[in-house]
Each structure stands twice: as C-alpha cells, then as structure tokens.
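Below: the structure, in structure tokens.
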Ligand code: DOR
C-alpha cells in the first residue's frame, strides 16, 4: 500500500510535513517525499488530508462479557475504527469482572479476532469491592496492561496505597475513579443550580476533589504511575498540577464531554448528559482546558460507556451514567479545543497517541519507519453531523451537532479497518 501526498502530523517527533508512505506486511517501510506508485495495487491519495498515528483510547467499556446488549468486543472495535482509534484499553467492570486470569485470557483471546488492538485492564480488587486485592502479578503475566476499579472508587486509602506499591513493582499504571459516594445523593448530575432546578441533590465536586487530594499524596509517597481518570473539577486539576510539580508520577485523563459541555447540558439532553463523574460548571470546564493546554492533563480518553435506549429512557435519577465517545472524540477535540485556539492540532494528537502509548508502553503512537502501520487519515476542516454509530449503542448528546474533523480512513497493522463512504 502507498499513501500519497498526506500531511503527516507526528506528535512523537513534533513534526508536520508532506510525504508519501509505503506500507508492506503491516509495517511502515518507507517515508519519503516521493514514492513511485506504479505497480502498487493499493494507492491512497491523501492530498489535502492529515495523517496521524492511529488514535489510542485508554478508557473504554466494551461490556463483553456480561452486557453484550450494549456493546461487544466486535461492535466496540468497529466503533473505535470509525473514530480513528487503532488501540483501546477496556475497563474491568464487565460481568464477570476482569479480576482473574481466566476472564482476562478469554477477552484477550477473543480480541485477537478484531481488526484493531484491544488491550485489557484488570481490576485492583476482587469483584470491585475494594476489599481483597487481585493477583496483580498473575494478571500482568497474562497480559493486563494496567489496573483499575473504574466505575467504583477505592474507599480504603491503606488498601489503595498497597495496590499502588504493587503496581509500581510490576511497573504498570493504576487508574482511579475519584468519587467518594459518602458525598453523593444522586450520581451523574453535578450538585449546583442545575440539580436545584431538577429538585435533586446530585453529586458535589468535593466528592471528587477529596479523593484526588488523598490519592495525589498516595501517588507522591508510593512513586507509582497513577492516573486520575475522567477529571471533572477545576480544583482536581489544580491538585494534579501541584503534586506533579512535587514529583508525583501523576497522569490525568480528560474526556471530550468534560471539555465540551457543562451541567447545563443535563437540562437539554437529559440522561444523555448523565455520567460519572458528572459534567460541572463553566469554570471547571475552563480549568480542564487550561490543564490540557499546560500539560497538567496528558491524556484525552473517551470513557466510551454504551447503554441501551431503554435504560437511558428511564428517569434522570434511575438511568445509568455514561455516554459513548469513540466516534466523536477526534472531532470534539478539533471543534472544542483546536479551532478555538486552546490547543494546537499537534498538542491534541499528542494526548490521543504518543502520551497514552508511552504510559502503557504500547507499540503504537508514532509514525516511524520500521514500526507497525497504525494510522488515521482525516480532514480537520470537514464539517459533519454525527447521526449513526457503529457502536451497538447510541447514547450520545452530540448526535446532530455540527462538528469539524472527519475521519476518512483508519489503518491498523497495514490494513484498512474503516473507510468513510459518505461523498
Ligand atoms: O459514567 C460512567 N459510566 N462512568 C464510569 O466511570 C463508568 C461508566 C460505565 O461503566 O457505564
């Protein structure tokens, strides 16, 4: 395969240049100003398009096993490919939970049938109960790429500290869902004017901030690579900034919904704007954008959380939290961050490719000769409207939005795994 005339944007080298790419046997064989395409059976003309490393999402829920009416490994992989992602990390809150090597091996074995790279995180605690630690060494040996009880916070600080020490020994990241349930009466909706209007108490930001403060200290003391997942509060961003400057090996993920929307969206989109942690106020959104811009937040991850239509049609307090995100992530990054001038396209791509690859040591995230050919080809200027999803679910508040940045082709291991068919 030869890809001609694309604008290569490679965050690993921070270089942007026009070149041709030659791909053979799944490997990027040659990058050059001109490669002769005669005799090559597959030639892609990428004139006017941007070529970046295949995107990496460190936080997805593919619901398989256990909730395959919402998503499966297969539909999740299709959704990822459509969004330009070639590597994803699945969370452990499946049923059964990924807290043992049997469940882990089953998922990883079935993932090999899919056309993108699916990695799996294992849980920190058995059954996500926060009481008994999983056999982290065995899980690592069987291929777990990190540890997380995502969806459920770890309440016991001493337990978590020990888990951080083990994760450090195993040299894998530990990722944290930061919401102390003691503060929360109704999850998924920020406590504030919007929850007042809905006549509910909601979930105050102190629920997140108190755990972030605690865990920043545990990260500093343990020396583990600790990820604050889906950061939602401005004060949490400030805490991460301070503790990073003190030397903690901290990382933070921001989701496209937290940097695009505020809790006002709940009034407009109802349960489609309900997620954990919830959307907060405009000051928080601005603080997340500032954190992304100054490097405090190093990863953009979707928290792709499919739920069925029936579940999301329940009342605001009864519906489950979470929205899908893979198919709109790049466009929301371009629309909400790049076009308004908060981040350069290079900075955006850095947080969706090279940074996550470095943290999880994934063989991806750069455009270099000799590396596997995982690429996304997109038009950063093209406007489009999300209407239909490859995901099995469609719980997104962004359906019908006018977005910039359209994925045209996704290539994983040298094969086209998604191609835009719209004219
Ligand atoms: O809103 C959310 N939904 N947040 C999470 O952390 C978990 C996710 C889910 O699994 O549905």
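The values are calculated or read from the model by the stated rules, or taken from the named source; none is laboratory data. All values derive from a computational prediction rather than experimental measurement. Here the Cβ is made from the backbone with ideal geometry for all residues, glycine too, and neighbour counts use every protein chain on show.
List of remarks:
- Breaking point among (1) assigned to a loop (DSSP other than H, G, I, E, B); (2) at positive phi, for residue 34: (2)
- Considering 370, 322, the condition of being closer than 24 Å to residue 18 by Cβ and part of a loop (DSSP other than H, G, I, E, B) is satisfied by 370 alone.
- When 127, 123, 175 are checked against the criterion of being in contact with a strand residue (DSSP E or B) (Cβ under 6 Å, 6 or more places away or on another chain), within 16 Å of the ligand (Cβ to nearest atom) and either free of Cβ contacts under 8 Å to residues at least 60 places away in the same chain or within 30 Å of residue 390 (Cβ to Cβ) (or both), a single residue qualifies: 175.
- Within the stretch 192-241, the set of residues being within 16 Å of the ligand (Cβ to nearest atom) and out of contact with any helix residue (DSSP H, G or I) (no Cβ under 8 Å at 6 or more places or on another chain) comprises 211, 229.
- Meets criteria (over 30 Å from residue 404 (Cβ atoms), out of contact with any helix residue (DSSP H, G or I) (no Cβ under 8 Å at 6 or more places or on another chain), in contact (Cβ under 8 Å) with a residue 24 or more places away in the chain and more than 16 Å from the ligand (Cβ to nearest atom)) for residue 244: yes
Okay, residues lined up against (1) closer than 15 Å to residue 321 by Cα; (2) more than 23 Å from the chain's Cα centre (by Cα); (3) without any contact (Cβ under 8 Å) to a residue 40 or more places away in the chain:
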site: 196; (1), (2), (3): no, yes, yes
site: 214; (1), (2), (3): no, yes, no
site: 218; (1), (2), (3): no, yes, no
site: 237; (1), (2), (3): no, no, no
site: 258; (1), (2), (3): yes, no, yes
site: 262; (1), (2), (3): no, no, yes
site: 279; (1), (2), (3): yes, no, no
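- Being part of a strand (DSSP E or B) and either at pLDDT 95 or above or under 28 Å from residue 209 (Cβ atoms) (or both) is a condition met by no residue of the stretch 92-108.
- The residue that is nearest to residue 391 (Cα to Cα), among those in the stretch 281-315 that are surrounded by 24 or more Cβ atoms within 10 Å (Cβ to Cβ) and within 14 Å of the ligand (Cβ to nearest atom), is 306.
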